[in-house]
Amino acid sequence: MMLKTGVLFKYKDFLPVTPQTPLFTLGEGDTPLIRCDRLAREIGCGELHLKFEGCNPTGSFKDRGMVVAVAKALEAGSNALICASTGNTSASAAAYAAYCGLTAIIIVPEGKIALGKMAQAIIYGAKIITITGNFDQALEIVRTLVEKHPVTLVNSLNPHRIEGQKTAAFEIIEILGDAPDYLFIPVGNAGNITAYWQGFVESCQSGRSKQKPVIMGFQAEGAAPIVRGHPVAKPETVATAIRIGNPASWQQAEAARDESGGIIDLVSDAEILAAQKLMATRTGVFSEPASAASIAGLIKLSRQGMDFSRKRIACVITGTGLKDTDTALKDAPPFLELPADIKAVEKALGWG
Ligand code: F0G
């Protein structure tokens, strides 16, 4: 049967796919680009589009890169994958490993992973190790392990991950007809900003787009090594997905920033949570906190006086909020609790 959908099939000419590469899909890619006029007006930008990567099979953008990394691992004869993760990479690795009959070993910081992401790794059958340390320490361990043991690294240091993730830039161009003026994106380990920039550059070089976007990356205030210019030993943020103090693709992120004429800035946890809520109430898109760093950054710069009124903006919404309902429910107002009585309900709604 011919595969008609999925990153590997749709973009095989742009990926390191050989006749020996197995082609398969869990349905990754082809995520919606949602035009949000109401939120655009409120923020003060010309056109606003959300690239909602929460619609991928495991709920984050990681699946685009994972399908390529796992296909190449199979091609090379590997039977085990390993990654350090703040939760989404591990969920994705575990799912693709399950599909392909491979072992997934995941190393995650204890107590700092959103519950939905842990549930995914558990149900997909990964070998899970939690460490009393942070993501950066987990990645250090993984990097050493892959030197010594026959296991494939599927963090974004694996170049096939970046190749797969660049396809999101292709999709934005396919829908808009060209690259947007600005791309806002959260930055953690800095693989995704690297991948988008590569995707936009390649599209421009091959004539599929006329322009490249200005890349606007955002880190969380308590985990902003690139902004501060040095690693952060003890990163802290409510946006646990980007709780990273020493990003692996640091230099590539700076290159994306500098070559595009963009910036990498920071947003506070309060700004992230306010943006997450604003996005949800104005667009119906429920993202996880880390994903809202892109919208929070746009709001911050707009308030500082940057003029986006004639600009077309794409914000990458990297993952679904359903994995981290604890944070969403945290300061929720109490519900109305009533007896099962129509009169009581009408009265409460002001219709009585
Ligand atoms: N948004 C979400 C939802 C993420 O899970 C991540 C990274 C990022 C943004 C940042 O992307 O690392 O490419 O700069 N999550 C990794 C993980 C670290 O282990 O799931 P990045």
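What the table shows:
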read-out	value
Count of residues meeting criterion [of a type in the set (Val, Ile, Thr) and either touching a Phe, Trp or Tyr at 6+ places or on another chain (Cβ under 6 Å) or surrounded by fewer than 24 Cβ atoms within 10 Å (Cβ to Cβ) (or both)] in the stretch 289-315	2
The stretch 278-297, residues that are within 12 Å of the ligand (Cβ to nearest atom) and in a loop (DSSP other than H, G, I, E, B)	Glu288
Odd one out for Ile82, checked against (1) part of a loop (DSSP other than H, G, I, E, B); (2) within 16 Å of the ligand (Cβ to nearest atom); (3) under 18 Å from Ile162 (Cα atoms)	(1)
Sole residue being surrounded by 10 or more Cβ atoms within 10 Å (Cβ to Cβ), at negative phi, within 16 Å of the ligand (Cβ to nearest atom) and without any contact (Cβ under 8 Å) to a residue 60 or more places away in the chain, chosen from Ala328, Ala344, Ala348	Ala328
Residue check for Lys311: out of contact with any Cys (no Cβ under 7 Å at 6 or more places or on another chain) and among the charged types (D, E, K, R)	no
Residues that are assigned to a loop (DSSP other than H, G, I, E, B) and buried (at least 16 other Cβ atoms within 10 Å of the Cβ), drawn from the stretch 237-267	Thr237, Val238, Ala239, Arg243, Ile244, Gly245, Asn246, Pro247, Ala248, Ser249, Gly262
Verdict on Lys72 being without any contact (Cβ under 8 Å) to a residue 12 or more places away in the chain and farther than 22 Å from Ser291 by Cβ	no
Residue within the stretch 287-297 that is of a type in the set (Ser, Thr, Tyr) and without any contact (Cβ under 8 Å) to a residue 60 or more places away in the chain present	no
Test: Leu50 is surrounded by 24 or more Cβ atoms within 10 Å (Cβ to Cβ), more than 11 Å from the ligand (Cβ to nearest atom) and within 18 Å of Asn189 (Cβ to Cβ)	no
Residue in the stretch 56-76 that is part of a helix (DSSP H, G or I), over 17 Å from Leu23 (Cα atoms) and more than 9 Å from the ligand (Cβ to nearest atom) present	no
Residues that are farther than 19 Å from Cys55 by Cα and either touching a Cys at 6+ places or on another chain (Cβ under 6 Å) or within 16 Å of the ligand (Cβ to nearest atom) (or both), drawn from the stretch 261-277	Gly262, Ile263, Ile264, Asp265, Leu266, Val267, Asp269, Glu271, Ile272, Leu273, Ala275
Qualifying residue in the stretch 164-186 (condition: within 16 Å of the ligand (Cβ to nearest atom), buried (at least 22 other Cβ atoms within 10 Å of the Cβ) and either of a type in the set (Lys, Arg) or modelled with pLDDT under 95 (or both))	yes
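The values are calculated or read from the model by the stated rules, or taken from the named source; none is laboratory data. Values in this document were obtained by computation on a predicted structure and should not be read as measured data. Heads up, the Cβs are rebuilt from the backbone with ideal geometry, glycines too, and the neighbour counts pull from every protein chain shown.
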